[in-house]
Every structure is written in structure tokens, then in C-alpha cells.
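See below for the structure under consideration.
The values are calculated or read from the model by the stated rules, or taken from the named source; none is laboratory data. All of these numbers come straight from a predicted model, not from anything done at the bench. Backbone-built Cβ (ideal geometry, glycine too); neighbour counts: all protein chains shown. What goes into the accessible areas is simple: the full protein's heavy atoms, side chains included, and nothing from ligands, DNA or RNA. Shrake-Rupley method; radii C 1.70, N 1.55, O 1.52, S 1.80 Å.
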Amino acid sequence: MIAPEMLISEFETKTGHTGLLIDGQWVASASGETFPALDPGTGEVIAEVARAERSDVDAAVAAARRAFAEERWLRLTGQERGEVLWRAADLMRAQADRLAELESRNMGIPVSQARTMVLEASAQFRYYAGWADKIHGRTIDLGPGGRRVQGYTLREPVGVAALIVPWNAPLISAAKKLAPALAAGCSCVLKPAKETPLTALWLGQILQEAGVPDGVVNVVTGFGETIGAALAEHPGVDTVSFTGSTEVGRSIVLAGTANMKKLSLELGGKSPVIVMPDADLSKAIPGVAGAVFWNTGQVCAAGTRLFVHEAVFDEVVQGVAEIGRSLKVGYGMDPGVDLGPLISQKQLDRVTAYVEGGLDAGGRVVSGGSRIGDRGFFFEPTVVVDVDQSMALMREEIFGPVLGVMQFNDVETAIELANDTPYGLASSVWTRDGAAGHSIARRLRAGRVGINIHRAGGVYMPAGGYRQSGWGRENGPEGLESYLETKSVVAELGS
Ligand code: NAD
């Protein structure tokens, strides 16, 4: 079990399990039930977590509604709200080591990378702190000469936002939603994944300490099929911002129809990477390896389908496989580890099944392909060739360190293969030819394209998906839109 000083609330240290944050108080779930949070590096229980049910969701949504109706947050000026968000960012940075340790122990990622994630999460609050006093409408002259009828728009918060996040980057995912939602003036109910609830609770505590009024941020922990579903259909919720699988995203769309919730969906991906014959392979090979293996492949934007020109195919495949073999896979808290475990037994079984299915269908493993050890959920970085686009390994999201590689001999084929997917989240192209890079970028049907880089841009660049990878965008000014309404006001000014 995690040490008391790592625990997240007064409540927790007294009872031995974490609480729910509702209306500024840490409370037990109505049922008193808990569930275990595991360390995926050992499979052991590290904390007992309050298991919320529907009635707890009702209480959290009611608290958020009250806070919104009473304008507890909105009565602060935009600048004051920005100061609170900035303070939260500072608190996160000040507690980065402990937050990183908790994130590493609960999701497995090496602790130094977890620390980078904490800083990225903190950057979300800094960035949107700056927006809090810059959310304005427009004026529109309507009458003849603009004198008799005057229009203007107001940007108003949507109301209560349910924020549902996955386990693969828990703190960043939560920050990507909380920071813009709060900058926009919404009240929130955050639901972390059941696998990784701990840093979300800590973030709730930090926001309280930073000065977010009671009820403006509520955190409920529990199972997606009960409390996630309850939030998705709740009549007291005005907007749902969801990050997770396309399958669950679909159920959230259906659940939201009763009160026509606004929805923002950051869903799955099967992102293509194209290596052109003129690419600088000294950069492309490590770039491609990083695109697929980082965070043990548990990244929505991971570059999992690699298309390499025939002239450089062997060199690229061997280079990426060599990097895969050289990465140190191990317990996230141990020094020098590059990759941690997969999040759970379920995920380990899933990754194994995709690799076995790919081999049964004719694929050939160049490196990796197997579980490591029998404790925790470790899997080798894996490169598979002799694959085609009909295989599940090449069509479906695996969410593990598994790369499928195909060859092409002309750029048209590469683009066609890259776009042959129901998803459209991310992509990259590697080439020394600047014009070709930009031209291919325009033709890839994905929300993000990297040229000689796979993922970059952080909070500054809008991120989201085409097609079944989602609706809406996070990051940048676009990230505010999910949490804002636009009101048109038109005034007859007389003659
Ligand atoms: P998931 O869809 O199983 O769960 C995501 C969240 O939804 C969790 O909090 C879960 O408890 C909750 N949930 C589960 N069932 C629900 C239901 N019926 N109603 C409401 N909520 C429910 O996803 P996951 O396994 O936690 O995460 C992996 C997935 O997330 C991958 O598909 C990945 O691509 C996606 N993801 C996308 C992005 C992005 O930005 N596009 C980022 C990270 C992860």
C-alpha cells in the first residue's frame, strides 16, 4: 500500500482509502464500497479507492450545479480566475516529484517520464490561466451605416461539464479538460479511469488549495459502466468531454441525446507514419521507434502503422527493431528504465492476442513479440512485417508497443495506405524534401501531422481527430470551445 504521506486527503489518511471530492469535502461513497488501485509493475494493490455509484454522481452533479447557479466561480473576475489556475500550476510543479512517483506507481510509466507528464499537465493550467480574462465576444454592425441596429456576441460557460478520462496519461488528460473548462467558467465533475484514479484525486486537492471554490471541481472514482455512464446520461450535465476508446465514445453519444448534451470526444487512433526514400534515417529511425514505443505504446496518437519506401525498407525495419531490442523495459520506479509495463492483465492479454493473430494471418516478428517475465504486465517492443491492411493488427487500435510495417514504391500508394483507416487522429511523414512534406501533410486525413517529428506542440497545438477519432479539439484556443456557448444580442438603437 502507498505510504500515508503519498495519500491525497485528510479523509484518506484516517480511513485507509481515498475519498470522493464533492462540494469541497472528501467523503466516502454512499455505499462505503471501495476498489483496489494496482501497481501494474507488480500487480499488487497500492491503495483502496472509494467506489462511487449513481447516487454519488447525483451528489457531485448537484454540487456542481449549485456552484454554477450561485456563480461561486464566475463571480471572480477573469483575471482572478486566471490567478487561481496559475497557482494550481505552481502547486503542481512544487509537488512534481511526489505526483510523478504516484503516477509512475499507478500507471507504470518510468518516473522521470511521469515527471515530464506532470510538468505538461501544469503547463495546461498556465496556458489556460492566460485565457481566463481574454474570452470575449465580437461586435457586429447590422443597421444601415451600422447606426440603428447593433449586434454583439457574448461567450458564456456551458454550465456543468463532465470530464471522463482514460488511464494512459491520467494527469495530463485530466488537466487538458479541467484547465480550459475552468478558464471558460464551467463547474466540473471529473471521472478518472478506474485503473488510475490517484493523481486525479490529488489534482482535486491542489485545485481546492489553489482557491477554486467548493463545488466547482468535484472528483468521483469508480467504474465506467456505472458512474461514467451515469454522467453521460445525467440531465444535470450540460457537456461531456470524453477521452477514451471509440467504442465507449459511441455509447456516450447515444447516452447524451436525452438532454442533447454538447460533446467533445478524443477517441482512438491507428496512426500512420510514412518514411520517404530521401528521409534522414539517422533521425527517422529513432523518431519512428519513439512514435510507437513511447509509454509502452499506450498513446492515442502512437504511430503504429509504418509505411517505408522500398529503397530504405530493410534499413528502417532493422534500425527500429534494434532500438526496440535495446530499450530497457522494467519497473517504472527503477533507474534507467525506458519503458514500463502495460496497464493491466486485460491489456496484456489484448496485446498478446493482436500479435498472435497477426502471426497467424502471415505476419513475421522481426523483434519482440512476447510477454516479459511473469510478474507485472511487461511486453517486448515488437516489430512485425509481412502484414497487410486487412489484418486486425493493422486496422485496430492495439494500445501496446506493436508496430506493423509495410513497403511502398510510390508516394500515391503511401498516402492511400495511410488514409485507409476508420481513424484519423495523428500521422507523420519523414523526408528531406520540404515541399513534399507539406504536400503530403495536406493530403493526410488526420487531425495532426508531423513532418520529421511525430508528436510535438503540447498545449499550443490543437489536437483531435478526423472521422472515428473524435469530435472537437483540445489544446490551444480551440480547446475552450467545448466549454463555451455563444450568445447573440441584437439591439434596436432607434433612429
Ligand atoms: P475507455 O474508453 O475504456 O475508458 C475511458 C474512460 O471512460 C474511463 O474513465 C472509463 O472508466 C470510462 N468509461 C468506460 N465505460 C464507460 C461508459 N459506458 N460510459 C461512460 N464512461 C465509460 O478507454 P481506456 O481503455 O481507459 O483508454 C484507452 C483508449 O483511450 C484508447 O482507445 C485511446 O486511443 C483512447 N485515448 C484517446 C486520446 C485522444 O486524445 N484521442 C488520448 C488518450 C487515450
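General observations
- Modelled label positions at residue 456 and residue 314, each set 7 Å beyond Cα in the direction of Cβ, lie 3.2 nm from each other.
- Between residue 31 and residue 90, the modelled label-to-label distance comes to 4.2 nm, taking each label 7 Å out from Cα in the direction of the beta carbon.
- Segment 263-334 - percent of accessible surface contributed by carbon and sulfur, probe 1.4 Å: 56 percent
- Listed peptides 271-278, 283-290 by packing density, highest first (mean Cβ within 10 Å): 271-278, 283-290
- Net length available on complete extension from residue 260 to residue 419 is 54.1 nm, with 0.36 nm assigned per residue and the Cα-Cα distance removed.
- In nm, spacing of pseudo-spin labels at residue 62 and residue 490 (7 Å Cα→C-beta vector): 4.2 nm
- Relative contact order (percent, whole number), the chain, Cα cutoff 8 Å, 6+ residue spacing: 17 percent
- Bridgeable aspartates and glutamates around residue 194 (alpha carbons under 14 Å apart, same-chain partners fewer than 8 residues away excluded): 33, 39, 48, 53, 103, 225.
- Difference of contour (0.36 nm per residue) and Cα-Cα distance, residue 98 to residue 148: 12.0 nm
- Debye intensity ratio in log₁₀ form over the Cα atoms of segment 271-458, taken at each q of 0.08, 0.12 Å⁻¹: -0.23, -0.51
- Seen against the Cα atoms of the chain and their longest principal axis, helix 246-255 is set at about 30 degrees.
- Rounded percent of accessible protein surface that carbon and sulfur make up, segment 78-155, 1.4 Å probe: 49 percent
- Å² per residue, accessible surface of the chain at 1.4 Å: 39 Å²
- Packing rank of 69-79, 439-449, where each peptide gets the mean count of other beta carbons within 10 Å, highest leading: 439-449, 69-79
- Beyond 29 Å in Cα-Cα separation lie the following of the pairs 177/487; 176/262; 134/176; 270/328; 261/346; 134/283: 261/346; 134/283.
- Judged by the mean number of other Cβ atoms found within 10 Å, the most tightly packed of the peptides 25-33, 230-238, 199-207 leads the ranking 199-207, 230-238, 25-33.
- Seen against the Cα atoms of the chain and their longest principal axis, helix 313-326 is set at about 70 degrees.
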